[in-house]
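Only one structure is covered here, and it is reproduced in the block below.
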2 protein chains.
Amino acid sequence: MSSQKVLNIDNLNPNVKTMQYAVRGPLPIRAVQIEKELASGAIKPFKNVIKANIGDAHAMGQKPITFIRQVIACICMPQLMENKDMPKDVIEHASAILNNCGGKSAGSYSLSNGIEIIRKNVAKYIEKRDGFKSDPELICLSGGASESIRNVLKLFINKSGGKKVGVMIPIPQYPLYSATIEEFNLGQIGYYLNESNNWSLDISELEKAYEQSKSQYDTRVICIINPGNPTGQVLTKENIEAILKFAFEKKLFVLADEVYQDNIYADGSKFYSFKSVLMGLGEPYSSSIELASFHSVSKGYMGECGLRGGYVEFTNIDGKVFTEFKKMTSAKLCSTVVGQAVIDTVVNPPKPEDESYKQWNAEKTAVLESLKKRATLVKEAYEKLEGITCNPVQGAMYAFPRLHLPAKAIEKAKSLGQEPDFFYAMSLLEETGICVVPGSGFGQKEGTYHFRTTILPQPELMKEMMERFTKFHNEFMKKYQ
Amino acid sequence: MSSQKVLNIDNLNPNVKTMQYAVRGPLPIRAVQIEKELASGAIKPFKNVIKANIGDAHAMGQKPITFIRQVIACICMPQLMENKDMPKDVIEHASAILNNCGGKSAGSYSLSNGIEIIRKNVAKYIEKRDGFKSDPELICLSGGASESIRNVLKLFINKSGGKKVGVMIPIPQYPLYSATIEEFNLGQIGYYLNESNNWSLDISELEKAYEQSKSQYDTRVICIINPGNPTGQVLTKENIEAILKFAFEKKLFVLADEVYQDNIYADGSKFYSFKSVLMGLGEPYSSSIELASFHSVSKGYMGECGLRGGYVEFTNIDGKVFTEFKKMTSAKLCSTVVGQAVIDTVVNPPKPEDESYKQWNAEKTAVLESLKKRATLVKEAYEKLEGITCNPVQGAMYAFPRLHLPAKAIEKAKSLGQEPDFFYAMSLLEETGICVVPGSGFGQKEGTYHFRTTILPQPELMKEMMERFTKFHNEFMKKYQ
């Protein structure tokens, strides 16, 4: 039958067929099925599924920040601003945004690049963070950072030069990059992070990857994820300087994915934005390296994934290219106004003198401290297990432990036509309800096996998860020893 | 300098360069500038800009529907459900959605195809509307209908057959289609609507357009906009049947853009969904024609453009293709949960026995009746003017009047390197502050000139707009006679 359809698997967009996005791949799909089986009374050795596959804080029990939700409720239902219990700064915040909406309604389309006052607040936030100028006209708001990242990569699609345009990405990487590169028919050039040195980024590895791909690709882009996803490392200032110099030398456009900039846990680790390091480098770098930096409301202490807010800031972009970028995004009209408003609450939070400050600060601090505790706890728990090694979680929301699988387990997996870490993760899911993502979904050195787990389950659930995990892991290792 | 940039206008994605989206093109960009000039004290022959260029109801003063805003405010700030003044059905509605969100928070990612309970409510709505079965598993929610339309068109990108895949679209059309076809490097095949017969869709014109493009394109898709944008016509059942039979015969996948399904004004006009007409046709059509139907929360009586909600329902899609479609959309994680919630309020509105019903019904009816009045008023006003003819606005939110421009005006425009209707619309904007979109942005028969104006300004503003317009038009015609 299939071949009789007008649109069938044989004539479907070939890049759609080959792209993969493991974070929502077979494991999470099976996890949803298992949840349904449990709901309809199936007997399993566990009572609930623990979704440690995706950086989805609220789904794992993290509570929304009151200030953020008050502002967006006021925007959706302006009568709430007449309520005497509504903090004054919330009302000011919501009014300022609504005054910048057509007809003072969140139901109006915004400018395609986002509401002007919010872009101005983003620029102020960046200036305060970095100590360098930021131009609101070079900031574009989007529905999560993913949309901005895809929009920027889209600019590079061009096969007129004969070779595919090459994009350098870390391995392991967040699979939005590999999926988008595949969908856009660009060329993926992986550079390996150094697992034996806390997933650090070695410039020699960048050189190697670049040189090896030279004959195949016209390499014009380098993507950096800092803090790292799935690897949790935080880059030093010196490291970022070296990366920027490499980009300058090789004439690469830099994409800096900085969505975890608020999630720094390790002593001695500090977040440096690519923008600030670039500006600090001075000439000839600071006025020439083209940079797109991304941020999101989905991570940090906010975890507002479902509300979809993010932005890109361009530095040194060609003026004509930027005009074309804005034209391109205009056909999609605009990103959600509520998501834009959430960005505003993140870049322009309550000040110490504001009515909401105390509660906002207490809630924010509690979330970040709890994440920090769990970052340590997770690493320690995995390290205790035989057959697992785990780098510290310096930042972001994930651990990426390495599995030292017995030969028999690898054979078994291969006999089933599965990657060994996929086989391990699927067994874990079926036997314990814990859903993690196999390392093969992010990329890893040949012959090494990993999985990504979030640090997001709340402490009680995290404890239970580690108990279930330990039992499964020890039995698995014994079975295949 | 430009050529020294890594990414410059010469190596930019060529399809981004050539795509155009007139609804947000040079006219609206100039309109925003003029607003800023007015705000900083510039003296103009008018006090405000009237944005009749975009179907953005709230920006033109339409008030949000209370029920919709109460539900989303409760979703954003669940404490509101404890408020005694909050209608019981609003609370039930919001609770049902939150119970289907991870951690009961709108801040959690939803499934990539949307929250299950909302997809089930969409299916019930479609079943009630059409009288035929609808499967929630074949419905995917998105950030506005635009995102779904782009996602479906993306499936057809495939150059392996040598020829570009061709997509048939009406002329005039909504430029999302032409922009997306260009961006995706597909082939555009325009079929002309018949202006002399109320913009009707003649099958003979479809045949002609198909035959003429046969040698150039592998034509596999036909897009229909009903009610029409920018042309406002409403297709009859017989016409839809004939289109479906044409699609069957030529083996075309059908895209039915039905975002204006609630906006029907003319006596004798009725909305028939492509799905219902297809099912009513029976075999061999009903089980074989592949159809994607689109709806949105941005139009109708809701006008919630800024909140970004829409969906696609597939009929007869190949199972393997649908699996790939879902995989593709998963890399974008999910559409905004608030936008999804708005879809829910639209497909599952208050019932007569509910506390909110009376107010909801009164508000809805008032909006639709007012739009109906303005649809008539606009046509009558334009028809009175010399040098303008205008078909009735049977549905949607636009009039698309034809300009019979004097030869001297056409010459003048050409001497400036402009399309004559662009020249006319830009003069209108500069002299009156009224922003409309030239017909050339939608496509029109060679040698004819039009503009699209919305019917959205509220009655008082509409009156003023028609006064300003009439004065300008008469002077313009006199000047170039």
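The values are calculated or read from the model by the stated rules, or taken from the named source; none is laboratory data. Remember, predicted model here, so these are calculated numbers, not experimental data. Cβ sites come from the backbone with ideal geometry, for glycine too, and all protein chains shown count toward neighbours. Just so you know, the surface numbers come from the protein's heavy atoms only, side chains and all, with ligands and any DNA or RNA stripped out. Shrake-Rupley method; radii C 1.70, N 1.55, O 1.52, S 1.80 Å.
Out of all Cα-Cα pairs in the range A:96-347, roughly what percent, to the nearest whole number, are more than 33 Å apart?
Roughly 16 percent, rounded to a whole number.
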Area of A:HIS404 that stays accessible when all protein chains are in place (1.4 Å probe, Å², to 10): 80 Å²
Semi-axes of the equivalent ellipsoid for the protein assembly as shown, Cα gyration tensor, largest first, Å: 45, 31, 30
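Please compute the contact order of the range A:96-347 in relative form: average sequence separation of alpha-carbon pairs under 8 Å and at least six residues apart, divided by the residue count, as a percent.
Values: 455 pairs, mean separation 64.2, N = 252.
Relative contact order for the range A:96-347 comes out at 25 percent.
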Sites matching GluC sites (Glu not before Pro) across the range A:350-432 that sit in DSSP coil, with at most 14 neighbouring C-beta atoms within 10 Å: A:GLU353, A:GLU386
Beta bridge orientation in chain B: antiparallel %, DSSP, nearest 5: 50 percent
Chain A: relative contact order in percent, alpha carbon pairs under 8 Å with at least 6 residues between: 22 percent
Number of partner chain Cβ atoms within 10 Å, mean per residue of A:148-156: 2
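All other residues with a Cβ under 11 Å from the Cβ of A:GLY143 taken together, and with Lys, Arg as +1 and Asp, Glu as -1, what is their net charge?
Working: positive: A:ARG150, A:ARG308, A:LYS332, B:ARG308, B:LYS332; negative: A:GLU147, B:GLU147.
Net local charge, A:GLY143 excluded: +3.
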Where only alpha carbons of chain A are counted, the Rg and the Dmax (Å): 23.1, 68
Position B:SER288, label points 7 Å along Cα→Cβ, spacing to each other copy in nm (shortest first, one decimal): 6.4
Cβ-vector label at 7 Å, B:LYS471, separations to other copies in nm: 8.2
Environment charge at A:ILE29 (Cβ cut-off 10 Å; Lys +1, Arg +1, Asp -1, Glu -1): +4
Residue pairs, from the table B:LYS237/B:LYS275; A:LYS299/A:LYS445; A:LYS47/A:LYS373; A:LYS332/B:LYS373; B:LYS270/B:LYS379, whose Cα atoms sit over 21 Å apart: A:LYS299/A:LYS445; A:LYS47/A:LYS373; A:LYS332/B:LYS373
Residue-averaged 222 nm ellipticity for the protein assembly as shown, from DSSP H runs of 4+ at -39500 (n - 2.57), nearest 500: -13500 deg cm²/dmol
Trypsin sites (Lys or Arg not before Pro) within the range A:1-75: DSSP coil, no more than 16 neighbouring Cβ in 10 Å: A:LYS47
